[in-house]
Structures are given as C-alpha cells and as structure tokens.
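What follows is a single structure, written as structure tokens, with notes after it.
What follows draws every value from the coordinates through simple rules; no lab data is involved. The structure displayed is predicted, hence computed values, not measured ones. Heads up, the Cβs are rebuilt from the backbone with ideal geometry, glycines too, and the neighbour counts pull from every protein chain shown.
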Amino acid sequence: MGETVLYVCTTCRRDGDDPEGPRAGARLFDALRVRAEGAVDLRVEPVECLSVCKRPCTVAVAAADRWTYVYGDMDPAVSAEIILAGLAAYAATPDGIVPWRERPTEFKTGVIARIPPFPAPRPFPAGTPEAAE
C-alpha cells in the first residue's frame with residue numbers, strides 16, 4: 001500500500017500548558033512516536049507549525065496517491081490511540097477516503113481540511129521543446 005506519513009505540529013499550545021514544560025503538540029508527538037514504534041509503513045514526523053493555532057493539537061495524514069487530511073483539537077493525553085486507529089482505516093483504503101461512519105469521532109469533529117492527491121504531471125503538448133526530449 002505504501003507509506004503513510006503522520007505530521008504532528010510540535011509547536012501547538014493548549015490552554016493550561018505549563019510555560020516551562022513541553023507544549024501539547026510535542027507531548028502528542030511523543031505519545032504517537034512511542035505507540036507507533038515498529039509500525040509497518042507508518043512514519044511519524046514532527047513539524048514546526050501547521051498554521052492551525054486556533055485548533056491545537058493538529059496533525060496531518062498523507063500518502064502517495066491519496067487524499068491528505070488535517071485534524072485538530074486532539075488531546076495529547078488520550079488521542080494517540082484514536083489517531084492510530086484512524087490511520088489504520090486510512091491506510092486500508094485505496095484513496096484515503098474512509099467512509100464517514102467508520103471514522104473515529106475525533107476525526108469527524110476535528111477535521112480541518114481534506115486536500116486532493118497531488119496531480120500527476122501533465123504531458124508536454126506536442127510541438128514544444130520539452131515534448132521532444
């Protein structure tokens with residue numbers, strides 16, 4: 001099926017975060033990294049910012065030839081298992097679209113964006129120098 005990548009915003013801050021301690025996004029990343037250790041075809045990547053500061057904690061899931069999803073409002077203390085279950089459903093689809101009724105509640109209420117798969121390159125029109133190559 002190919003690799004699924006989970007991007008986790010490590011700069012997300014939630015109300016009540018200890019200013020001296022790790023931010024909520026970093027805590028979520030740590031929880032996901034530990035729970036996903038050894039998972040086949042899943043890569044958990046920290047990112048500096050997903051620009052969804054009003055909906056912390058935020059993650060994005062992407063894979064080749066599949067829709068990309070961005071989810072927010074995740075709880076760093078309890079969301080890791082929920083996210084991983086949602087990713088398993090995502091990975092089991094041919095296009096990344098999990099039927100609504102099969103999505104975890106947190107994915108239904110936390111969805112921020114759905115982005116189409118990256119388009120295939122267009123062939124160069126006949127008669128252009130690029131087409132001759």
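Before moving on, here are some points about what is shown:
- Among the residues of segment 35-63, the one identified as free of Cβ contacts under 8 Å to residues at least 12 places away in the same chain and among the polar types (S, T, N, Q) is S51.
- Residue among A85, A113, A89 that is surrounded by fewer than 21 Cβ atoms within 10 Å (Cβ to Cβ) and either assigned to a strand (DSSP E or B) or under 11 Å from the mean Cα position of the chain (by Cα) (or both): A113
- All positions within segment 6-38 that are within 20 Å of A91 (Cβ to Cβ) and crowded, with 16+ Cβ neighbours inside 10 Å: L6, Y7, V8, L28, F29, A31, L32, A36
- The single condition among (1) part of a loop (DSSP other than H, G, I, E, B); (2) closer than 24 Å to A26 by Cα that F124 does not satisfy is (2).
- Number of the exception - C9 against (1) out of contact with any Gly (no Cβ under 8 Å at 6 or more places or on another chain); (2) in contact (Cβ under 8 Å) with a residue 40 or more places away in the chain; (3) within 14 Å of M74 (Cβ to Cβ): (1)
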